[in-house]
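> Just passing along the structure, written as C-alpha cells.
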Amino acid sequence: MSVAGAAVLLALGNPAAVFAQEGAAPGVRTAIDPVETPEPRDGEDDGFPVVAEDILPVDQSDGPREIAFEANELRYDQATDTVTAAGNVLLRSGDQSVRADAVTWNRMTGEIVATGTIRLLDENGNQLFTDRIVLTDELEAGAMQNLLLAFRQGGRLAAQQATRDANGDIELTRAAYSSCAVVDADGCDKSPSWRVTAERVYYDEDTSEIRFRGAYLELFGARILPLPGLTISADGRASSGFFIPDIGLTASNGIEISDSYYWRLANNRDLTLSGYVYTEAAPMVSAQYRQLTEKGAFQVTGYATYGSRIPLNSTMRTSENDFRGYLFTNGRFQLDENWTAQGSIRLASDRTFLRRYDISREDRLRSVVELARQDENSYVSIAGWGTQALLVSTDQGQVPLALPLIDARYRLEEPVFGGNVELQANTLAITRLEGQDTQRAFARARWDMRRITAWGQEVTLTGLVRGDVYHSDDNSLTRIASYRGEDGWQARGVATAAIDVKWPFIGEFLGGSQILTPRVQLVATPSIRNLDIPNEDARAIDLEDSNLFALNRFPGYDRVEDGVRVTYGIDWQANFPGWRLHTTIGQSYRLNDAFDLFPDGTGLTEQFSDFVGRTEVRYRDYLKFTHRYRLDKDNFTVRRNEIDATVGSDRTYVEVGYLQLNRDIDFRLEDLQDREEIRLAGRVAFARHWSVFGSAVVNLTDRNEDPTLLADGFEPLRTRLGIAYADDCLEFGFTWRRDYIQLADAQSGSSFRIYFNLRNLGFN
C-alpha cells in the first residue's frame, strides 16, 4: 500500500472508534475498540493504560480497521462538536503508523485534519512527510500541502499541494522528483545534483508508477532538458521506456549516436532494443532478451548490420558489402538439487566485426555447453567446447571443436588404508575441419593420506594409477611435430607415488607473528611413451610457483612428467599490525639427465630446474604488491618477471602491471612465445565528486624475442584518459581512447565518448 493509503488507514480508518472517549485525560495512551473501551489493568493509572499493541490485535477480516493511538492530550469541544488529539500523536495499525503534532475531527462536517510535523509510514516502508492533511470521514478524497514522499527504494517526490482520490491515487501540483539524498553523511541538508520538476505529477496506487506532465530535467539547479511523457516506478522495479542516448566519435565509424528502448514484458522477462547511427558506417541494430524461470535464467543478445568489411588477411584493402553481426547467449538452470545445465554460445559473422564496433576486443570467442551433476561425493560433467578465431592468424579449420568432453569423479566414503580415494573417468573427442582429429579416454584412481607427526610435520602420501587409450588421424596436418603423436590407436599406463613433507615453525616477529615452512617433495613415475600420444591440452607448459609442487607440471592430461625428482622450497609468512608478507621460493632436481619432453626455455629441461618464487606484500587496503619470477639456475637471469601492484584508496590509486617472459623458446611454438608488456592505470579524485583517470598498455617485446614483430621494443597498444563526476545518484564523464593497432576495417586512431547516467530515471 502506498504512503497515501497508510494515511487513510492509520489516521482516519475509523474516526468514530478513534475518538470514542470524548473526555479522556491529558497524557492519553490508548487503543479503542469500535464496540467497547477496554478497562485498565490492575495496578495501572487510569490515565496511562498499557501500550496499544498489548491490548488489542488488529483484525482486518471484517468491519472497520482498529486504530491504536497515543497522545499527550485529548480534548472535546461541545460547541463545535470537535475532537482533538494533541502532542506527539501516534496512530498505529499493523505495520503502518502516522505521527503528527495534532489531529482534529469535526463531527459535524466529517472533516479530519492532521497538522504539524506529520510522518506517515506504510507497510512497504514508504514514508510521507507533510505539515497538513485533510480527509473526509468517508475517505473518498484527501488533500495535503507541502509534502514529501520518500519511497523505500530511494526516490523522493515533493510537492506544494496534493489530493488523493478514493482509489488511493495521488495528484501532485508543482512537484519535483529525485533519487538523490537530501542530507549528507554528517546529517546536513544538501541540494540534489539532479531533479525532475513538473506542473502535474500522478502517482498510481495499484501500479506504483509516477507519471509526469510538463516535466523538465534540472542539473545542479539549471533546467536543461524537457522530458515529455516521463514515467518511472516508485517501487524500484524497471519500467518500459527510452534510455538516455550515448554519443561518441570513433576512428572506424565516425560520429556515433545510439539509444535504446527498454520493454518490460513481465516481472520475469524484458527486452532491450537498440539502434546505432554512424556518419562513416551503415546503421546497426541490437536486441537483448532476458528471462528468469523457475529453474534458472538466460539471455540472448544479437547485433546486426549490412555494411562494408575488409577481410582480416586481405592483401588489398578492398571492401565488400555483406551481413555482419554477433550472437551471444548464456544461461544457467538448476534442474534439481544435484543437476545443473549451463552454457554460453558466442558467434560473430567475421573476424573484425566486434573490434570495429567496439563490442569486444577479444582475439577469440569461446562457446561451451555443460550438463553437470554434483553431490557430496561425486561429480559428473558432460560438456562441449568450441572456439572461433578472430584476431589471430590461425585458420578456422585448424581450430578444434571439443565434443563431447565427459568427466566423472567419485570419492569413496570410507578411507582405504587410512587415506582418501578418488576415482576418475574422462573422455574427449576433438574434431577439426582441416586438421588432426583426436579421441581420448582414461580412468584414474588417486589415494591421499595426510598426517601430522608428533614433531609438527605435515606429511602427505599420494599414490596414483591411470590407464589411457588414444586414437588420432591426419596427424601430419599438425604443424609442430611434438604435438602430433602417432597415427591410429595408442595406449599407455601411468603410475605415480609421492611423499610431501611440510614443517611449519611459528614465532613472533616485529610485534606480530611469522610462520617459516620448509617443504620437500619426492615424486616417482616410471618411464612413459609420452611422444606417441597427441598433445592437445598440455602445450602451454612453464615452470611457475603455482605448479612447482604439482604431481604433473603439465597443465593438462596429454603429457605426464615421468622419472624421479625431488622438489624443495621454503615458504615464509609474517603478520604484524597493518602488514602482511608472504614469500615462497623453490627448485626441483631430477635424478636422470636424459629428458627431452620439455621444450628448451621452460626451466625444466635439465636435472636442476630454474628457481621460481612469489612475493606478496599488503598494507591494509592501501598497498597490494605481487611479484612472481623465475631465475635461470646457471646465471640467475630473469626468465619470468611479473609484477602487479596497486597503491591508493578506492578513489585515488595507481595500478602497475609488468610481464616479461624471457624464456629463449623457439618462436614457432606459439603457445610459449616470449613477451614483454607493461600496463598502467590510475585515478585521482578531487573536489569530492570529480576524478581524472587513465590507462595504457604498451608492448615492449623486441625482435630478439619475437622475430615476426614489425615494432622493435616499444609498441603502444591502447591508451585511455577521462574525467568523471559521480555522486550517489548522478554519473557522467568524458573519455578519450587511442588504439594503435589497425586490423582490416578496424581502424587505428582516437575515439571519444560522452556518458551520462541518472539513477532510477528512464524515458517513456
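The values are calculated or read from the model by the stated rules, or taken from the named source; none is laboratory data. Only a predicted model underlies this, so the values are computations on that prediction, with no experimental measurement involved. Methodologically, a virtual Cβ is constructed for each residue, glycine included, from the backbone with ideal geometry; neighbour enumeration extends over all protein chains shown. SASA here: full protein model, heavy atoms, side chains in, ligands and nucleic acids out. Shrake-Rupley method; radii C 1.70, N 1.55, O 1.52, S 1.80 Å.
> Identify all residues within the range 189-212 that are open to solvent by 60 Å² or more (accessible area, probe 1.4 Å) and either under 18 Å from residue 154 (Cα atoms) or not in a loop (DSSP other than H, G, I, E, B) (or both); write none if there are none.
Hits for the range 189-212 are 189, 190, 191, 195, 199, 200, 202, 211.
> Something else about it: From the list 346, 309, exactly one residue is within 30 Å of residue 717 (Cβ to Cβ), among the basic types (Lys, Arg), open to solvent by less than 70 Å² (accessible area, probe 1.4 Å) and within 20 Å of the chain's Cα centre (by Cα). Which is it?
Answer to the selection: 346.
> Could you check how many residues of the range 226-243 are touching an Asp or Glu at 6+ places or on another chain (Cβ under 8 Å) and either open to solvent by less than 50 Å² (accessible area, probe 1.4 Å) or assigned to a strand (DSSP E or B) (or both)?
7
> Next question. Looking at 66, 36, which one is modelled with pLDDT of 50 or more, assigned to a loop (DSSP other than H, G, I, E, B) and either over 29 Å from residue 153 (Cβ atoms) or within 45 Å of the chain's Cα centre (by Cα) (or both)?
Among 66, 36, only 66 is modelled with pLDDT of 50 or more, assigned to a loop (DSSP other than H, G, I, E, B) and either over 29 Å from residue 153 (Cβ atoms) or within 45 Å of the chain's Cα centre (by Cα) (or both).
> Another question, if that's okay. Do you know which residues across the range 421-463 are open to solvent by 60 Å² or more (accessible area, probe 1.4 Å), over 27 Å from residue 536 (Cβ atoms) and outside any strand (DSSP E or B)?
454, 455
> Given the residues 467, 456, which is the only one that is modelled with pLDDT under 95 and farther than 30 Å from residue 395 by Cα?
The unique qualifying residue is 456.
> A further question on this structure: Taking interchain pairs and intrachain pairs at least six residues apart, which have beta carbon atoms under 6 angstrom, with the first residue in the range 270-291 and closer than 13 Å to residue 257 by Cβ and modelled with pLDDT of 95 or more and the second open to solvent by less than 40 Å² (accessible area, probe 1.4 Å) and of a type in the set (Val, Ile, Thr)?
What qualifies is 284/305.
> For the structure I just gave you, tell me whether residue 518 is open to solvent by 30 Å² or more (accessible area, probe 1.4 Å) and not aliphatic (A, V, I, L, M).
When the stated conditions are applied, residue 518 passes them.
> Additional query: Pick from 169, 95: which is closer than 22 Å to residue 230 by Cα, among the acidic types (Asp, Glu) and in contact with an Asp or Glu (Cβ under 9 Å, 6 or more places away or on another chain)?
Going through 169, 95 in turn, just one is closer than 22 Å to residue 230 by Cα, among the acidic types (Asp, Glu) and in contact with an Asp or Glu (Cβ under 9 Å, 6 or more places away or on another chain): 169.
> Also, quick follow-up: For residues that are open to solvent by 40 Å² or more (accessible area, probe 1.4 Å) and either at pLDDT below 95 or touching a Cys at 6+ places or on another chain (Cβ under 8 Å) (or both), scanning just the range 475-490, find the one that is nearest to residue 521 (Cα to Cα).
In this case the residue turns out to be 482.
> Now for a separate question. Exactly one condition in (1) under 28 Å from residue 323 (Cβ atoms); (2) not in a loop (DSSP other than H, G, I, E, B) is not met by residue 372; state its number.
(1)
> A further question follows. May I ask you to verify whether residue 522 is part of a strand (DSSP E or B), closer than 30 Å to residue 616 by Cα and under 38 Å from the mean Cα position of the chain (by Cα)?
Answer is no for this residue.
> Which number in (1) at pLDDT 85 or above; (2) exposed (fewer than 13 other Cβ atoms within 10 Å of the Cβ); (3) closer than 25 Å to residue 134 by Cα marks the one condition that residue 223 misses?
(3)
> Within the range 591-632, track down each residue that is at pLDDT 90 or above, among the aromatic types (Phe, Trp, Tyr) and surrounded by fewer than 16 Cβ atoms within 10 Å (Cβ to Cβ).
608, 619, 622
> Something else now. Consider only pairs whose beta carbons are under 8 Å apart and that are at least six residues apart or on different chains; among these, list those whose first residue lies in the range 432-456 and is among the small types (Gly, Ala, Ser) and whose second residue is open to solvent by 70 Å² or more (accessible area, probe 1.4 Å) and part of a loop (DSSP other than H, G, I, E, B).
From the range 432-456, the pairs are 435/474; 456/503.
> Identify the single condition in (1) of a type in the set (Asp, Glu); (2) crowded, with 16+ Cβ neighbours inside 10 Å; (3) out of contact with any Gly (no Cβ under 8 Å at 6 or more places or on another chain) that residue 545 does not satisfy, given that it satisfies every other one.
Residue 545 satisfies every listed condition except (3).
> Return the total of residues in the range 252-284 being of a type in the set (A, V, I, L, M, F, W, C), assigned to a strand (DSSP E or B) and farther than 21 Å from residue 330 by Cβ.
Total meeting the criteria: 4.
> Moving to a separate point now. Is it fair to say residue 584 is surrounded by fewer than 18 Cβ atoms within 10 Å (Cβ to Cβ) and of a type in the set (Val, Ile, Thr)?
So residue 584 does not fit the description; no.
> Another question, if that's okay. State whether the residues of the range 314-326 include one that is among the acidic types (Asp, Glu) and either buried (at least 16 other Cβ atoms within 10 Å of the Cβ) or farther than 22 Å from residue 745 by Cβ (or both).
no
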